[in-house]
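Student: Sharing a structure here in structure tokens format.
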Amino acid sequence: FPFAIKSCTALSLPFSGQQLHCQVIRSGCETEPFVLTALISMYCKCGLVEEARKVFDETPVSMLLGVCYNALISGYAANSKAFDAVSLFRRMRETGVSVDGVTMLGLVPVCTVPELLCLGMSLHGQCLKDGIDAELAVQNSFITMYMKSGSVDLGRKLFEEIPVKGLVSWNAMISGYAQNGFASHVLELYEKMKSSGVRPDPVTLVGVLSACAYLGARSIGQEVELLIEANGFVSNVFLCNTLINMHARCGNLAKARAFFDRIPIKNIVSWTGMIGGYGMHGLGEKGLELFDEMVRSGLRPDGTVFVMVLSACSHSGLTERGLDYFTAMEREYKLEPGPEHYSCVVDLLGRAGQLDEARELIESMPIEPDSTVWGSLLGACKIHRNVDMAELAFERVIQIEPTNVGYYVLMSNIYSDTKNVEGVSKIRAMMRERNFRKEPGYSYVEHKGRVHLFLVGDKSHEQTEEIYRMLDELETFIMEIGEEGSCDKCKEVPPSSMREHSERLAIAFGILNTDPGSEILVIKNLRVCEDCHVFIKMVSKIVDRRFVVRDATRFHHFKDGACSCKDYW
């Protein structure tokens, strides 16, 4: 019977499984532990958890062994029934049934959300007490639990305590760091993994490529790409999708498109990644062409694709087309827009200067607008220096998200742009009162496999003297161009704090360390300011370099004194 029941489980045939269950009852074998376990697992894996519990409850307590409890706990966990899994575990302890590593492997996955971390830590303590923690599979499950719940330090501590680390342990850490945004830690751990002699698999490489995409670490990403080719992993659609994202976020759209075209059967993630890539680079028209091609291929778009489509329209100034897609989303595809879609449309209208229409849209929303929606309106108010509407948006956004320092900084900048000294003082006082600190601006440049980080006014780099000398030379050239009358903006001497913005330092470093004709990729954590945007445009006219700058909003491609965004960002 167990073999036949397992076959029904593997083939997802619950009806056949129920027929077998009837035969089990007729034969009188329903209390045999292995038959019970097979039935419980079969029902759980077919989604019939209540049936599994019925089998469990109808069995005499004296016949219920640990394997029966383990099967149902695992079933509850797999069906996202955390409360039921925990309740059954408590009953297991109360009735004196022995807990083992299998129990923990079934139960720990339900504790991967921050709300259940305390329970997970209690389970970890119980494992230490019972001596179950020595099992590598159990240790790996706890590492995964800590990383998924955001407790990366606890995950790393446990990882370091493992004497002989296997591939699963390394993957748990690398994936966990990648999911929590610790990109530099991913690359550091990847190097250690290679040194230890453990060979990466597709799971490892997805995490590493995600880190490369975040950091703009192009050369490391290219090394991983060669490894994927050499190991025959190119057929792995998850890896290909990650390669699309990595190349797009590292500024190489041609490479991203080449991988996209190689995928024989593209899933929704493939299309979303490529459409998003075009949108990020300001090539909205190409993104929309690809979306229409996706629809013609028979693949039904989902909400995530529409976020990319609307965002692409916003970054490319395609206001009317964006509104048409927003209407089609509900009318043609029966998808209910969420806050993220409304946020995109508010941004779309706001960038186009239609602030009143953006506000009307927010007030007519059938769902409660969240902070991203009001934040989009606030950002649009900065572009168009509309203080009155900015004050309204700011008031609403800090009611919803009072601890997000970015909104206070944005409002302060709006006041600063409009020379409203009183407004700036008011926001700064609010920030001091609440002990808020502005996120420091920083920029990355990758050179020879090393990521170089620059902060505002940074003087810690080994090439600091040469970098500042280069900046002085560039600014002298730009002032001369301004004196000749070709650029009014260039005649203004920026304050010293602006002269030392992180992206300028990164640009100067890039020029010093590359040959003429090279392309320099700079990754910035904040939106590039207007003055730095003008500066980089002028530098691209003076030196024989192409500059690709990825800021918090989009990509800017600078060449021969012009930017791909056409000053629309």
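The values are calculated or read from the model by the stated rules, or taken from the named source; none is laboratory data. Values in this document were obtained by computation on a predicted structure and should not be read as measured data. Every residue, glycine among them, receives a Cβ derived from its backbone with ideal geometry; neighbour counts consider all protein chains shown.
Student: Taking only the stretch 547-569 into account, find how many residues are closer than 20 Å to Leu453 by Cα and in contact with a strand residue (DSSP E or B) (Cβ under 8 Å, 6 or more places away or on another chain).
Tutor: Within the stretch 547-569, residues that are closer than 20 Å to Leu453 by Cα and in contact with a strand residue (DSSP E or B) (Cβ under 8 Å, 6 or more places away or on another chain) number 8.
Student: Please work out which residue is nearest to the chain's Cα centre (by Cα), limiting yourself to the stretch 268-283 and to residues that are over 17 Å from Arg550 (Cβ atoms) and of a type outside the set (A, V, I, L, M, F, W, C).
Tutor: Thr272
Per-residue answers, yes or no, for (1) buried (at least 21 other Cβ atoms within 10 Å of the Cβ); (2) at pLDDT 95 or above; (3) part of a helix (DSSP H, G or I):
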| site | (1), (2), (3) |
| --- | --- |
| Tyr325 | yes, yes, yes |
| Ala328 | no, yes, yes |
| Glu336 | no, yes, no |
| Ser343 | yes, yes, yes |
| Val346 | yes, yes, yes |
| Val373 | yes, yes, yes |
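Student: I'd like the full set of residues that are free of Cβ contacts under 8 Å to residues at least 60 places away in the same chain and among the acidic types (Asp, Glu), limited to the stretch 442-474.
Tutor: Listed by number, the residues that qualify are Asp458, Glu462, Glu465, Glu466, Asp472, Glu473.
Student: How many residues are of a type in the set (A, V, I, L, M) and modelled with pLDDT under 90 when one looks only at the stretch 80-91?
Tutor: Going through the stretch 80-91 one residue at a time, the tally reaches 2.
Condition check ((1) assigned by TED's automatic domain parsing to the domain that holds Ile383; (2) out of contact with any helix residue (DSSP H, G or I) (no Cβ under 9 Å at 6 or more places or on another chain); (3) buried (at least 18 other Cβ atoms within 10 Å of the Cβ); (4) at pLDDT 95 or above) across all residues:
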| residue | (1), (2), (3), (4) |
| --- | --- |
| Gln463 | no, no, no, yes |
| Ile467 | no, no, yes, yes |
| Met479 | no, no, no, no |
| Ser497 | no, yes, no, no |
| His501 | no, no, yes, no |
| Phe509 | no, no, yes, yes |
| Asp544 | no, yes, no, no |
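Student: Report those helices (runs of 4 or more DSSP H) wholly inside the stretch 1-79 carrying at least 1 residues which are among the aromatic types (Phe, Trp, Tyr) and modelled with pLDDT under 70.
Tutor: Of the helices (runs of 4 or more DSSP H) lying wholly inside the stretch 1-79, those with at least 1 residues that are among the aromatic types (Phe, Trp, Tyr) and modelled with pLDDT under 70 span 2-10, 14-27.
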